[in-house]
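The values are calculated or read from the model by the stated rules, or taken from the named source; none is laboratory data. Only a predicted model underlies this, so the values are computations on that prediction, with no experimental measurement involved. Cβ placement follows ideal geometry from the backbone for every residue including glycine, while neighbour counts extend to all protein chains displayed.
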Amino acid sequence: MKLIEAKKRVEELREEIAKHDYYYYVQDSPVISDREYDLLRRKLEELEKSFPELISPDSPTQRVGGKPLEAFNSVNHKTPMLSLDNAFNINELRDFALRIKNLTGITEMEYVVEPKIDGLAVSLLYEDGMLVRGATRGDGHTGEDITHNIKTIKSVPLKLRDRVTLEARGEIYMPREAFEQLNNKRVAEALPLFANPRNAAAGSVRQLDPRVAAARQLDLFIFTMGSYEGYTFKTHFEALEYLKKIGLRVNPHINIYKYMEEIIEVCQEWSARRQDLPYEIDGAVIKVNDLKLQEQLGFTSKSPRWAIAFKFAAEQVETEVEDIMVSVGRTGTLTPIALLKPVKVSGSVVKRASLHNEDILQEKEVKIGDRVIIHKAGDVIPELVKVIKEKREGQEKEFNMPEECPACKENVVRLPGEVALRCINATCPVQTYERIVHFSSRGAMDIEGLGLAVALQLWENNLVRDVSDLYYLKREDLIGLERMGEKSVHNLLVSIEKSKNNPLNKLLYGLGLRFVGEKVSKILAENFPSIEKIMEAETEEMLSIPEIGPRIATSVYEFFRGKSNLKVIEKLKTAGVNVCMEPPKKERDKTLEGLTFVLTGKMERYSRDEAKELIESMGGRITSSVSKNTDFVVAGENSGSKHDQAISLEVKILDEKEFQELVVSGQQVQKGNEVT
């Protein structure tokens, strides 16, 4: 394809993709399937790869930048991004309407009511229809340039459907579902959780690396224009309709009302049903619709006179702290919990509230016996707002966080950069079965059949007290457990035995060290190729590795100084678990030497390639057809004609269980189709 033809096709593809982005993100009405959309993107990517000179900033392929920024640049807003005055009850809304009437002399007028998105205010600057800058609100006059992250938000058009110069203002937010997924991922990675979607959105937008923001599924609603050229609008609602028309996303729940009592009813309705929305709102915004009246009303030093935010109330109630206990989380975090005199909040009875960590406990000065105010943060999580110190009678008791873990009595530590106390004992009973599940996961030791239900049974029946106990389990230990028949027990023991040969990085990840994920485990194992080398390493030695920071180095150092952890390592070594980067080769690697196999049908445990590689690594040979020279046919489900040929030629047939026994057991196999 010539350059001229490629340029024409690239422009067509960009226009078509932009059209479908508009239908999907703005109109919420896609007209093609996701697959068809992906194919359009792929065609554009291929053309831009072949003709890199055709790549432009407005191309859909340029949403995620390549290099992280070193710092944010400051941005001066053309017109100030002022905050709104708040109304906290319906009387204050009526006062707002009365002020408007007194200032304008107009008794009846139109108001626009919009859901108040609980997110981060931003401005988008377009010149000749092209996005040139995105910025945070900052102090209202100066914000931070976050263009690199704004471009990752798919609902933000890089090019408008009109060649207009304007500044659009809106709210970046994280949908509830995306927030839940993000926190679930952070739990799996043993990272601190975000408190709410607003904090998550703000934290994501202020990432120097745009790839982080791109992975967090941010979204945006536009709620006004800051400045614009070439157009005259009579009303705010008309301007919003235009913004929507040119490709910007406007909230679909914005409506016009004439009477304040009607607006009050709408606000109360939204307060009652805000949990029905897929995103957080913390109120409603009421604006005078007529733009000339807005101009006439003007601004105070802090906010426009023509708009107000009605804030939804978080129900707060008073109760008493009857006691304070400490819970141990699955990663060893010690969390103080206020045990409350039961009280009804937002429709449900609350008996306890998290105090989060030692710092917050001290900051709020909570004592046992205190009268306190609580509410549900985001109307979901019970939270202690404050202590009513005026109601103290002198009988209240101080509470201090323990120096030992309540579950195992081992000393707790506070790692650098963390606010939480943590138990790092690998044998801590509260953490044990969760550790077993993690140890057995695919990214770690990959022990098939050892999920949460089985791990819990092993713990409750006193069969496993730490992960090393897995390698000492016997058939008679397991056969009586619920849902553990002969086949399940056999498969589990075979899988445990097989896991002994995993490389060191798998074991390290399985041990669940704080801040040590799959990638860090591999880095450590490559630099310290045996567990003894890691145990001997000082923090300074680990810090010399570019990818290892102080938190990781300290965590690893502390873990391998714990007496209980060292006992676990010793038991693993005694059981024959590999503790080196490369597992030692065993004689059984060639026990299939000289034998010919044919594979047919589908197996659950192994793919065709995995089975082939395993047989060949043990000296066996694979052929595609069955003959008298074939020693074994390995038959999975739907094995077909090769299975029948094996029967007719009296060739030994192995099902998946028998094949697994053969390759795991290490027993010598002789020709003549006998396993001895």
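With the checklist (1) under 21 Å from K487 (Cα atoms); (2) among the basic types (K, R); (3) modelled with pLDDT under 80 in hand, flag the one item R608 doesn't pass.
The one condition R608 does not meet is (1).
Inspect the range 622-637 for any residue being within 44 Å of the chain's Cα centre (by Cα), exposed (fewer than 13 other Cβ atoms within 10 Å of the Cβ) and modelled with pLDDT under 90 and give the result as yes or no.
Yes, there is a match, as at least one residue in the range 622-637 is within 44 Å of the chain's Cα centre (by Cα), exposed (fewer than 13 other Cβ atoms within 10 Å of the Cβ) and modelled with pLDDT under 90.
What's the number of the condition L277 fails, among (1) touching a residue at least 60 places away in the same chain (Cβ under 8 Å); (2) of a type outside the set (S, T, Y); (3) outside the structural domain of N196 (by TED's automatic domain parsing)?
(3)
Please go through the range 459-516 and pick out each residue that is under 28 Å from I552 (Cβ atoms) and of a type in the set (D, E).
Hits for the range 459-516 are D466, D469.
Quick check: is even one residue across the range 485-506 touching a helix residue (DSSP H, G or I) at 6+ places or on another chain (Cβ under 6 Å), at pLDDT below 90, under 30 Å from E661 (Cα atoms) and surrounded by fewer than 17 Cβ atoms within 10 Å (Cβ to Cβ)?
no
Mind telling me which of the residues E320, E238, E269, E261 ends up being acidic (D, E) and closer than 25 Å to L124 by Cα?
E238
For every residue, the table says whether it meets (1) crowded, with 18+ Cβ neighbours inside 10 Å; (2) under 27 Å from H253 (Cβ atoms); (3) at pLDDT below 90; (4) under 26 Å from the mean Cα position of the chain (by Cα).
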{"residue": "S50", "(1), (2), (3), (4)": "no, no, yes, no"}
{"residue": "P57", "(1), (2), (3), (4)": "no, no, yes, no"}
{"residue": "M81", "(1), (2), (3), (4)": "yes, yes, yes, no"}
{"residue": "L93", "(1), (2), (3), (4)": "yes, yes, no, no"}
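Quick check, is R133 of a type in the set (K, R), in contact with a strand residue (DSSP E or B) (Cβ under 9 Å, 6 or more places away or on another chain), part of a loop (DSSP other than H, G, I, E, B) and touching a residue at least 12 places away in the same chain (Cβ under 8 Å)?
No.
Would it be correct to say that V250 is in contact (Cβ under 8 Å) with a residue 12 or more places away in the chain and assigned by TED's automatic domain parsing to the domain that holds K101?
yes
Quick one: is A338 under 24 Å from C267 (Cβ atoms), out of contact with any Cys (no Cβ under 9 Å at 6 or more places or on another chain), small (G, A, S) and at pLDDT 90 or above?
In short, no.
Filter the range 512-556 for residues that are free of Cβ contacts under 8 Å to residues at least 24 places away in the same chain, assigned to a loop (DSSP other than H, G, I, E, B) and among the aliphatic types (A, V, I, L, M) and give the result.
A537, I545 - these are the residues of the range 512-556 that are free of Cβ contacts under 8 Å to residues at least 24 places away in the same chain, assigned to a loop (DSSP other than H, G, I, E, B) and among the aliphatic types (A, V, I, L, M).
Considering only the range 159-170, state which residues are touching a helix residue (DSSP H, G or I) at 6+ places or on another chain (Cβ under 9 Å) and either among the charged types (D, E, K, R) or more than 21 Å from L220 (Cα to Cα) (or both).
Scanning the range 159-170 gives K159, R161, D162.
Looking only at the range 408-419, count how many residues are crowded, with 19+ Cβ neighbours inside 10 Å and either among the charged types (D, E, K, R) or at pLDDT below 85 (or both).
Number of matching residues: 1.
Before we move on, is T79 of a type in the set (V, I, T) and in contact (Cβ under 8 Å) with a residue 40 or more places away in the chain?
yes
Take the residues in the range 168-194 that are acidic (D, E) and surrounded by fewer than 21 Cβ atoms within 10 Å (Cβ to Cβ), then tell me which one is nearest to the chain's Cα centre (by Cα).
Among residues in the range 168-194 that are acidic (D, E) and surrounded by fewer than 21 Cβ atoms within 10 Å (Cβ to Cβ), the one nearest to the chain's Cα centre (by Cα) is E180.
Restricting to the range 236-279, give me the number of residues that are of a type in the set (S, T, Y) and either farther than 19 Å from I100 by Cα or surrounded by 19 or more Cβ atoms within 10 Å (Cβ to Cβ) (or both).
3
With the condition kept exactly as written, say whether any residue in the range 96-115 is of a type outside the set (D, E, K, R), modelled with pLDDT under 85, surrounded by 15 or more Cβ atoms within 10 Å (Cβ to Cβ) and in the same structural domain as F237 (by TED's automatic domain parsing).
To start, the set of residues in the range 96-115 that are of a type outside the set (D, E, K, R) comprises 96-98, 100, 102-107, 109, 111-113, 115.
When the remaining residues are screened for being modelled with pLDDT under 85, the result is none.
Within the range 96-115, not a single residue is of a type outside the set (D, E, K, R), modelled with pLDDT under 85, surrounded by 15 or more Cβ atoms within 10 Å (Cβ to Cβ) and in the same structural domain as F237 (by TED's automatic domain parsing).
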